[in-house]
2 protein chains.
Amino acid sequence: MEMARTRKHHKASSSVRGREDGRRRGALAASDAVLSIGLEGDSRAPLQRRIYHALRSAILARRLRPGDRLPSSRQYAESLEVSRTTIALVYEQLRAEGYIEGRERSGTFVATALPDDSLVALPASQRAVATVKSRPAITRAAPGPKSPVVSGAASLSARGALLASLDVSSSISSTVVGPRAFRLGTPALDAFPYTLWGRLLARRWRQFSASQLAYGSANGFAPLRSAIAEHVRTARAVTCHDDQVLIVSGAQQAFDLVARVLLDPGDTVCVEDPGYRGLRSAFEGAGARLVPVTVDAEGIDVATGVAFVPGARLTCVTPSHQFPLGITMSAARRLALLQWADNANAWILEDDFDSEYRFRGRPLPSLQGMDPHGRVVYVGTFSKTLFPSLRLGFLIVPTVLVDAFARARAVLDRHSPQLEQAVLADFIAEGHLVRHIRRMRAIYTEREARLRALLHEGVGEFVEPSQADAGMHLVAWVTGGGSDRRLADLADAAGIAVAPLSGLASHRLARGALLMGFAAFDEQAMRRGVESLRTAWLGGRGDAFASHERHR
Amino acid sequence: MEMARTRKHHKASSSVRGREDGRRRGALAASDAVLSIGLEGDSRAPLQRRIYHALRSAILARRLRPGDRLPSSRQYAESLEVSRTTIALVYEQLRAEGYIEGRERSGTFVATALPDDSLVALPASQRAVATVKSRPAITRAAPGPKSPVVSGAASLSARGALLASLDVSSSISSTVVGPRAFRLGTPALDAFPYTLWGRLLARRWRQFSASQLAYGSANGFAPLRSAIAEHVRTARAVTCHDDQVLIVSGAQQAFDLVARVLLDPGDTVCVEDPGYRGLRSAFEGAGARLVPVTVDAEGIDVATGVAFVPGARLTCVTPSHQFPLGITMSAARRLALLQWADNANAWILEDDFDSEYRFRGRPLPSLQGMDPHGRVVYVGTFSKTLFPSLRLGFLIVPTVLVDAFARARAVLDRHSPQLEQAVLADFIAEGHLVRHIRRMRAIYTEREARLRALLHEGVGEFVEPSQADAGMHLVAWVTGGGSDRRLADLADAAGIAVAPLSGLASHRLARGALLMGFAAFDEQAMRRGVESLRTAWLGGRGDAFASHERHR
């Protein structure tokens, strides 16, 4: 029953000044205006809601003006052929919101307190921020094309514009089904123990009581903290008691939290060069000034690097398995770094992201476990050992920092979801994590060797893959002085993700390389990927040569 | 088999200078030293790990010095009565970490590159940050008492110290089983549809594929964004398309994100006074300067409040149901605020935390839906409509801000866990959310009336409860000029949580009040709670009188 009526919109209401005028004038005219209002919107919506919307729109659009009288509920109900209760409820709601005032006996009016000028559109010339103001005001129902990032200082803050300019990875809008070969950072999700995890999930949910649905602790679920402490003491030679473990929503949040708790805007941080972009973005986003320090065969350069950065408050390292080069930081460097932190009264962030996947030898012990000064903040994640969309990681901080970190976490986003924490606690405590890592290690050993062989065979004239001793990616050095960016661009155009090493370095590299994840891909996917690379690179070489010829 | 041996620790190694000296001298002596090392730690741990730890500890503690020769693996294996492979693996690992160097044929030595001074303890006088340095270095295995929050500028940053000083609520270390009466913010968890949620959870997990275990989109799970957009368009009169919805880990993260994307440190923000502490903490923690603006019977004071705050970039409001007073912001104020934002080129944050629980009339429409200028950022949460430990909420932002928010979110913590998002999407899309809210509304209507009646009856001489039209708490005004803080303290001592209104206000209130949650408590819990209050307050009154008498 669509009710767009044909009666003309009256004009008498435009000269209203106050309530009394309005009442006198509006007694008939405005009631007519109300009765002429058509009901818009979805005709399947409840009638009460449609009437409400029609009246509210008319008031906001000043088709009904302050002081205008509304018809009695009886009169209006009759005209719309609805029950009088429906209209009474609509009026009650509009009254509660301040759009109308007065009562049934004395008459109901559009509220006079509506500011007269609030609905007059500003001329376009007065609109300061075109990008913001130009957005269609009401017609937002239809999905339009994506807007560009706002960059004007008048709309985003400088901090906001900085945050919006930072890259964590290509994860912003990953719409591809399954990870592309050879994307970094994705574990062998095809080998994840779905059934087992599902069983633990169902069991935990059945046990969940009201207290576990309520707010939890900012530090994390206590049994999970214990399980993690126990695990890293054994597997990573971390020295800690359970209280030092703080659950976070992945390593990315750990970086943000460390930056905000330990650094002020403008503070200096040493980072490995080349190094992990997600970490850099978190620290830059929190206002830190980053100083890239070169990594050599022993790890980050402490004696002639870190030690010469004036006022550095923190150094971030990946000592057990450097990202992206895979270097193990030597004991000498570790000790030098610990000594630096103690002398400089500074902190060390140890990002221990994938060192449990060590194929040759047992996992190397953590830097944290060697630290007698309490200067190391250790970051671990389950994105690599389990799965990324779980969004669980942890921090192990010196005892004196535990409360500060927990309180800061509460201010940021309170705590991580409780159910996942409980399931993960069971998974670790019942020994599944250790078994899972062992299984994955075997798979990765095989996949690493397989990818190396396929690369040698298929694209050996372009890259020279080096052996990875741990982790989930290998480094393929570009042969013959080629550009890693160019090879990565050609690969990308062919649907293959390979990260150019130069993209993670701030100094000019002696030799380019491509970083290629092997963990998530079976032989077939790898074979297809390497074939695509071969085609892309052979074609690219031809193109480049041809264009070079043309330009001569 | 514990192997603490009795041979004396030799002293010859203390004058070593270089590798050659060490080799010559160490050839016998250091080997002896190694053979004399006892194996510490858990005797159930694998022997290989225990030997490794013993050697590493000896090197770090300089019982073995740079250049010291290690026994051959055969010799050492015999002395420990273990297999030679075990020792070979230990040596391999220590070599990989840089603790030892050389090979089997030419001899294995403690690495000379260990810096000589790295392990000398500093005298206590040189230790700058006593709170940090005084932590026991290695003996952290036993859980000790909680350390105080670090506050020195040398350890925490100024920002970190600020963050650590902020309160979100009492959620930091909630160890009480089940929420205490009459704690704020907890819904009726006893009436949560466990079985239904568990069914959706199990179904989603069964459907989960590798691509859903991988990193997701920073904006959130697309079907959840659609479901929320659809829900708020209908239930909250929000005007948006699906793309404007961003999933966050609860309202607290939304506040932090808004502060970091839209404000620079030092920017001015108007907040309601009295108002929500979690919001204030998020903005203070992000460096904003807060200006509390008084709330009257129509909501926040725009004309003589907000409009007179120089340079305000943002105003935060709870227009549909003011926290904590329960006021509905009038249409006039809404329009004035929208106009202010447009004129001032500023933003409005609409925190719509519990307005779906409106007992009288339909839920009031959002401020966002009235905004023709694209100046409102709308925040919603499922902590109240579902359960807090789910940690899911959402932001609805003007189209031009979507990408900036998504990118910033990725830098903060990438995205929210995927499984919960998928389950929630189903819960909403299949109509369960609307049904659940309807059920809760009925329960809350009853519980609100019940608590009011019990308060009148039991502690009517202390407080005068006012009727709540919506939400999950009521305001009980203190009678006879009493102090709300004092009543709250007495209640707290008796195990009852009531929040004093004065604790949420920065100006002096004409009259104190207590905020009491009613949603999470059945009649029995309420009755017990009110009885405890009565006893505590009657006793407190007596005490106060007695002490007053004594002091006369």
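When A:His373, A:His507 are compared by accessible surface with a 1.4 Å probe, the order from highest to lowest is A:His507, A:His373.
Our coupling estimate for region B:523-534, obtained by passing each phi through the Karplus curve with A = 6.51, B = -1.76, C = 1.60 and θ = phi - 60°, is 4, 4, 5, 5, 4, 4, x, 5, 4, 4, 4, 4 Hz, Gly and Pro reported as x.
In the assembly of identical copies, A:His456 has its label point, taken 7 Å from Cα in the direction of the beta carbon, separated from the corresponding points by 8.7 nm (ascending, one decimal). Label zone (B:Glu446, point 7 Å along Cα-to-C-beta; backbone nitrogen cut-off 13 Å) within region B:509-523: B:521-523.
Averaging Cα coordinates gives a centre for region B:191-209 and one for region A:277-294; these two points are 40 Å apart.
Extending 7 Å from the Cα toward the beta-carbon at both B:Ser466 and B:Leu196 defines two label points whose distance is 3.4 nm. Based on protein heavy atoms only, region A:169-312 ends up with 32 Å² per residue of surface accessible to a 1.4 Å probe.
Between the amide H of B:Thr268 and those of B:Arg289, B:Arg313, distances stay under 5 Å, these residues lying 5 or more places away or on another chain, with hydrogens modeled in the peptide plane. Copy-to-copy label distances for B:Gly431, where each label lies 7 Å from Cα along Cα-to-Cβ, are 4.9 nm in order of increasing length. Remark on A:Thr479: its backbone amide H falls under 5 Å from those of A:Val463, A:Glu464, a criterion applied only to residues 5 or more positions apart or on other chains, H modelled at 1.01 Å from N. Among the trypsin sites (Lys or Arg not before Pro) in region B:490-546, those placed in a DSSP loop whose Cβ has at most 14 other Cβ atoms within 10 Å are B:Arg508, B:Arg511.
Beta bridges per DSSP, both residues in region B:229-382: antiparallel share near 10 percent.
Taking 13 Å as the cut-off, the amide N atoms of region A:487-517 that come nearer than this to a point 7 Å along the Cα-to-beta-carbon line of A:Thr535 belong to A:491, A:493-496. For the residues of A:252-262, the average number of beta carbons from a partner chain within 10 Å of their own beta carbon is 5. Under 5 Å from the amide H of A:Gly98 lie the amide H atoms of B:Ala331, each residue being 5 or more positions distant or on a separate chain, with H modelled from the backbone and absent for Pro and chain starts. Taking θ as phi - 60° and the Karplus parameters 6.51, -1.76 and 1.60, the scalar couplings of region A:417-424 work out to x, 6, 4, 4, 4, 5, 5, 5 Hz in sequence order, x denoting glycine and proline. For the segment A:418-428, counting C-beta atoms of other chains within 10 Å of every residue's C-beta and taking the mean gives 2. Comment: the Cα-to-Cβ extended label point of B:Tyr194, at 7 Å, lies 2.8 nm from its counterparts in the other copies, nearest first. Calculated FRET efficiency, B:His456 to B:Val434, Cβ-Cβ distance, R0 = 56 Å: about 0.95 to the nearest 0.05.
The values are calculated or read from the model by the stated rules, or taken from the named source; none is laboratory data. Keep in mind that this is a model prediction, so the values were computed, not measured. A quick note on method: Cβ atoms are made from the backbone with ideal geometry, for glycine too, and the neighbour counts reach across all protein chains shown. Accessible surface areas use protein heavy atoms only, side chains included; no ligands, DNA or RNA. Shrake-Rupley method; radii C 1.70, N 1.55, O 1.52, S 1.80 Å.
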